[in-house]
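Below is one structure, written out as structure tokens; comments come after it.
The values are calculated or read from the model by the stated rules, or taken from the named source; none is laboratory data. The model shown is predicted, which means the values in this text are computed figures rather than measured ones. Neighbour counts run over all protein chains shown; Cβ positions are idealised from the backbone, glycine included. Side chains are part of the model used for accessible areas, which takes the heavy atoms of the whole protein and leaves out ligands, DNA and RNA. Shrake-Rupley method; radii C 1.70, N 1.55, O 1.52, S 1.80 Å.
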Amino acid sequence: MHKRSIYRIFIILLLVRFSCLGQSSVENATSIVCQIKIDTSVVYQNIDNFGASDAWSCQFVGLWPKSKKEKIASLLFSKEVDLDGNPKGIGLSLWRFNLGAGSSEQAEKSDIKDEWRRAESFLNKDGSYNFQKQKGQVWFAQKAKDYGVDQLLLFSNSPPVEFTKNNKAYSVSGQISNLHKSEFQNFATYLTNSAIGLEKMGLKVDYISPLNEPQWDWADAGQEGTPFWNHEIADFVKVLDSEITKKGIKAKIDITEAGQINYLSREDNRPGRGNQITEFFNSESKNFIGNLPNLSHTISGHSYFTTSPNQKLIKERETLFESLKAVEGLKFWMSEYCILGDNNGEIEGNGRDLGIDPALYMAKVIHSDLAIANASAWHWWMAISPYDYKDGLIYIDKNKEDGNFYESKMLWVLGNYSRFIKPGSKRVKVSSSNKNSSLLYSAYHSKSTNEIITVVINNGEDSQLIDLRNHSGKSLRTYTTSSTSNLAFEKVSNSTIKIPKKSIVTIIKNSKG
């Protein structure tokens with residue numbers, strides 16, 4: 001072959017090689033370092049807790065063989081680590097106890113076909129109380145306490161069937177509430193007596209949430225539930241507040257568990273059941289109850305159906321935050337969420353999925369609720385699910401006496417927040433040199449542990465490098481949840497940290513180190 005031809009081939013090969021190297025460096029996004037700066041002098045909201053509920057599976061799983069239920073409790077509540085430094089559980093700081101309406105005792109006559117969605121009541125038909133009921137739930141509540149979960153919330157989906165208009169745990173038509181005003185005192189007595197009964201078992205009740213998603217009609221007998229109108233809520237909470245004072249209970253009342261967060265700031269399609277920040281906390285409102293001594297200066301709502309598309313996710317939370325600012329010191333608790341509906345094609349709520357994709361979607365919602373709406377608490381719906389939905393942290397076989405259980409990535413992603421951001425922590429300012437759309441980040445300062453906690457979410461298909469120059473040090477450590485790891489612990493010796501693709505990484509720095 002002619003020397004000139006050989007030379008040309010050599011040049012072509014070199015060009016191809018350099019082209020491939022260039023393409024590789026573009027695809028490998030870790031070559032771009034994102035500098036993140038944390039400013040603890042700029043403080044946003046206090047964090048009160050991270051939680052989940054015992055509905056509805058704990059009534060049965062709490063009666064499962066000891067070894068299995070102990071392991072499940074450890075996954076939810078433990079703050080311990082294994083020999084390699086990996087957390088054994090997600091360390092929840094609040095546990096939600098479903099105070100049933102008695103549909104379980106009614107069995108098929110309750111009209112609720114799925115017995116797992118029925119719930120026992122401590123109240124007997126003759127008006128006496130039996131605190132041997134709800135044993136499975138009490139077991140989990142006691143385990144939560146044993147693990148150091150220091151906040152317990154009682155929530156009711158329906159008043160007891162002994163008090164409702166139709167003697168059922170669901171509404172007749174959905175166009176009126178299922179509790180007559182003449183029964184308000186009885187319902188308040190039931191709630192407070194239940195709290196006292198649990199406290200006698202060593203379970204101190206911190207919050208009582210008397211109603212749940214009052215905007216929905218609850219007329220299909222799919223589960224316990226009843227609608228309430230704002231004037232009814234105001235009148236009932238006054239009765240409950242008086243009963244708490246009379247009995248000397250220390251629990252605070254939590255309202256209103258709105259079915260969607262938009263109902264906190266406006267009425268939308270639920271006249272008389274929305275605009276609840278103004279209705280209950282504006283002193284000019286006829287339904288004002290913000291001055292009641294036992295009412296928490298907090299309003300709670302659920303993030304359902306407000307998370308897609310991304311523009312709506314952001315806008316709804318910005319709107320909510322603006323409404324909250326109108327009432328001095330009013331806090332927002334995001335008190336229930338799981339992935340429901342089709343979410344504008346972003347993710348389907350139907351179908352169990354233990355993998356990282358729903359966990360990443362969940363992480364985006366947590367981040368948005370905390371960093372945009374300034375939520376002081378974040379609660380998942382069902383800690384344990386037997387269903388084929390994206391509604392559980394831990395999934396189980398639908399067996400009342402025994403079965404297998406399955407960890408989901410959603411469990412561990414919630415742990416990226418709940419395990420490390422302690423009650424009393426404050427969200428602080430964090431900024432970045434690179435507005436990469438695949439990275440979300442928030443930061444928190446815990447004075448009790450002298451730690452700065454940064455949570456970084458990478459939704460992208462490439463890993464990213466971040467630089468925490470103003471927080472380098474020997475005490476820096478990371479916990480990563482990805483498709484292959486669950487809060488995997490790693491010590492970091494320098495300020496540059498790799499955020500793997502499709503992962504959530506919690507970075508801990510001793511603020512005095």
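Okay, here's what the table says:
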{"quantity": "Single match in GLY272, GLY248 (criterion: small (Gly, Ala, Ser) and touching a residue at least 12 places away in the same chain (Cβ under 8 Å))", "calculated": "GLY272"}
{"quantity": "Qualifying residue in region 238-245 (condition: crowded, with 17+ Cβ neighbours inside 10 Å, of a type in the set (Ser, Thr, Tyr) and either in contact with a Ser or Thr (Cβ under 7 Å, 6 or more places away or on another chain) or within 21 Å of PHE163 (Cβ to Cβ) (or both))", "calculated": "no"}
{"quantity": "Residue match in region 130-153 (condition: farther than 30 Å from PHE420 by Cβ, surrounded by fewer than 19 Cβ atoms within 10 Å (Cβ to Cβ) and within 22 Å of the chain's Cα centre (by Cα))", "calculated": "no"}
{"quantity": "Residues of region 424-471 satisfying the condition of being acidic (Asp, Glu) and either open to solvent by less than 10 Å² (accessible area, probe 1.4 Å) or under 26 Å from ASN49 (Cβ atoms) (or both)", "calculated": "GLU451, ASP467"}
{"quantity": "Scope region 287-333; condition among the aliphatic types (A, V, I, L, M) and either open to solvent by less than 20 Å² (accessible area, probe 1.4 Å) or in contact with a strand residue (DSSP E or B) (Cβ under 9 Å, 6 or more places away or on another chain) (or both); matching residues", "calculated": "ILE289, LEU292, LEU295, ILE299, LEU313, LEU320, LEU324, VAL327, LEU330"}
{"quantity": "Residue, surrounded by the most Cβ atoms within 10 Å (Cβ to Cβ), within region 472-504, restricted to residues that are of a type in the set (A, V, I, L, M, F, W, C) and within 17 Å of ASP84 (Cα to Cα)", "calculated": "LEU487"}
{"quantity": "Residue list for region 210-233, filter: surrounded by 22 or more Cβ atoms within 10 Å (Cβ to Cβ), farther than 19 Å from ASN287 by Cβ and in contact with a helix residue (DSSP H, G or I) (Cβ under 6 Å, 6 or more places away or on another chain)", "calculated": "GLU224"}
{"quantity": "Residues that are out of contact with any Lys or Arg (no Cβ under 9 Å at 6 or more places or on another chain), closer than 27 Å to LYS204 by Cβ and in contact (Cβ under 8 Å) with a residue 40 or more places away in the chain, drawn from region 152-183", "calculated": "SER156, ASN157, PRO159, PRO160"}
{"quantity": "Number of the exception - TYR207 against (1) within 26 Å of ILE90 (Cα to Cα); (2) open to solvent by less than 10 Å² (accessible area, probe 1.4 Å); (3) out of contact with any helix residue (DSSP H, G or I) (no Cβ under 6 Å at 6 or more places or on another chain)", "calculated": "(2)"}
{"quantity": "Residue, least open to solvent (accessible area, probe 1.4 Å), within region 61-113, restricted to residues that are among the acidic types (Asp, Glu), outside any helix (DSSP H, G or I) and without any contact (Cβ under 8 Å) to a residue 12 or more places away in the chain", "calculated": "ASP82"}
